[in-house]
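Just below is one structure, and these are the notes that go with it.
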Ligand SMILES: *Cc1c(COP(=O)(O)O)cnc(C)c1O
């Protein structure tokens with residue numbers, strides 16, 4: 001487990017189902033990232049953990065925010081972070097969204113189409129725009145490949161249209177896909193960005209910011225089959241450093257590098273204390289199987305449980321017999337389960353209703369993806385522990 005003793009103490013002391021965020025752990029993760037990538041400006045992707053205390057903790061460390069719309073901008077502003085550390089990073093926005101963001105003082109907008117640029121020019125005149133380049137998403141658990149970004153040729157056109165419309169064409173961005181497991185994805189992205197920076201300079205567009213997006217992986221989650229994911233972090237950081245150096249050397253104008261990590265900063269510093277609802281043995285449409293149902297699931301904390309596994313711990317059952325089981329949440333929805341085609345989880349044979357279960361490395365995409373009590377199962381309350389003031 002990657003989390004601190006503080007979070008384990010909190011899990012052990014909990015008397016209800018609850019998600020804990022370890023602010024010291026998040027601070028440490030942020031500091032470690034900056035040691036690996038010195039000088040990179042962090043814009044935390046808020047959707048990964050829209051919890052006021054977590055955002056305030058990151059803001060105190062010097063992070064800014066990648067906000068996806070006016071409501072996230074409002075939440076970012078509540079941390080007291082300066083406006084120039086908040087950008088509107090969503091390429092999808094209505095006229096009203098743009099006008100609201102502009103009114104709130106935001107002057108940096110992501111884009112990937114001439115239609116969006118025209119709307120920014122009208123509703124946020126004079127603002128800075130950065131164009132998102134499409135990536136293949138290969139090597140990531142979630143590719144994000146189709147819905148966002150444009151080709152290099154389109155990016156030239158988009159930024160020229162922006163300039164002609166009185167906006168400031170300031171940068172380029174990418175997102176190589178969430179939980180990106182390969183260093184090659186960033187190498188390819190940095191190659192494309194470097195080529196494009198030079199092409200744009202030839203057209204008189206000198207950029208000052210390169211945004212390398214999100215995608216940095218969490219370390220403590222397991223794959224669908226329950227194997228450690230084990231992302232090659234050293235290699236990923238080395239490729240990022242080399243790529244940034246090369247881009248900076250080839251760029252005719254000085255550039256600042258940004259990143260928008262989400263998952264990487266919070267995933268391994270959040271954990272849930274839940275309980276066993278029931279361990280059963282049934283022969284259904286498939287063969288005879290054990291099923292272990294938890295008191296929380298996909299709709300209140302474990303949204304990504306169909307794509308990965310979170311490590312489980314059953315305090316009080318460290319020894320004893322274990323059996324392979326499908327682990328599932330408590331609702332009447334069959335997607336509310338780990339992917340049982342891919343792999344089963346070893347659970348204590350003696351697990352009984354009400355026993356505590358600790359679910360590790362589930363700090364990313366937990367709170368924001370919680371439903372409003374789907375099937376009557378309450379959203380988990382949360383507690384933040386630690387954190388410097
Ligand atoms: C979701 C998102 C991120 C964060 O992605 P992670 O894989 O969690 O790091 C960063 N940038 C943008 C634009 C996003 O939509």
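How about the range 47-62: which of its residues are within 16 Å of the ligand (Cβ to nearest atom) and without any contact (Cβ under 8 Å) to a residue 60 or more places away in the chain?
55
May I ask you to list the residues in the range 88-112 that are part of a loop (DSSP other than H, G, I, E, B), at negative phi and free of Cβ contacts under 8 Å to residues at least 60 places away in the same chain?
Result: 90, 91, 92, 93, 94, 104, 106, 107, 112.
If the Cβ limit is 7 Å and pairs must be 6+ apart or interchain, which residue in the range 248-263 that is over 29 Å from residue 48 (Cβ atoms) pairs with which residue that is modelled with pLDDT of 95 or more and crowded, with 18+ Cβ neighbours inside 10 Å?
250/194; 250/197; 251/197; 253/207
Could you tell me which residue of the range 249-271 is nearest to the ligand (Cβ to nearest atom), considering only residues that are closer than 30 Å to residue 8 by Cα and part of a strand (DSSP E or B)?
270
Looking only at the range 116-167, how many residues end up being part of a loop (DSSP other than H, G, I, E, B) and more than 27 Å from the chain's Cα centre (by Cα)?
Result for the range 116-167: 6.
Condition check: at pLDDT 95 or above and within 16 Å of the ligand (Cβ to nearest atom). Does residue 144 satisfy that?
No; evaluated as a whole, the condition is false for this residue.
In the list 31, 41, 10, which residue meets the criterion of being touching a strand residue (DSSP E or B) at 6+ places or on another chain (Cβ under 6 Å) and more than 16 Å from the ligand (Cβ to nearest atom)?
10
What are the residues in the range 19-48 that are at negative phi and not in a helix (DSSP H, G or I), if any?
Within the range 19-48, 19, 20, 21, 22, 37, 38, 40, 41, 42, 43, 44, 45 meet the criteria.
What's the total number of residues in the range 167-191 that are in contact with a strand residue (DSSP E or B) (Cβ under 9 Å, 6 or more places away or on another chain) and either more than 16 Å from the ligand (Cβ to nearest atom) or under 30 Å from residue 121 (Cα atoms) (or both)?
13
Of the residues that sit in the range 86-117 and are touching a strand residue (DSSP E or B) at 6+ places or on another chain (Cβ under 7 Å) and more than 16 Å from the ligand (Cβ to nearest atom), which one is farthest from residue 144 (Cα to Cα)?
Ranking the candidates gives 107 first.
Within the range 338-389, considering only strands (runs of 3 or more DSSP E) that don't extend past its boundaries, which have at least 3 residues that are at negative phi, surrounded by 22 or more Cβ atoms within 10 Å (Cβ to Cβ) and more than 16 Å from the ligand (Cβ to nearest atom)?
Per the criteria, 356-359.
Identify all residues within the range 71-87 that are surrounded by fewer than 20 Cβ atoms within 10 Å (Cβ to Cβ) and within 21 Å of residue 170 (Cβ to Cβ); write none if there are none.
Listed by number, the residues that qualify are 82, 83, 84, 85.
Tell me which of these residue 201 doesn't satisfy, since it passes every other one: (1) surrounded by fewer than 24 Cβ atoms within 10 Å (Cβ to Cβ); (2) outside any loop (DSSP other than H, G, I, E, B); (3) within 16 Å of the ligand (Cβ to nearest atom).
Looking at each condition in turn, residue 201 falls short on (3).
Test each condition in (1) at positive phi; (2) away from the ligand (no atom under 16 Å from the Cβ) for residue 149 and report the one that comes out false.
The single condition residue 149 does not satisfy is (2).
The values are calculated or read from the model by the stated rules, or taken from the named source; none is laboratory data. Quick caveat, the model's predicted, so the values are computed rather than measured. Virtual Cβ from ideal backbone geometry, glycine too; neighbours counted across all protein chains shown.
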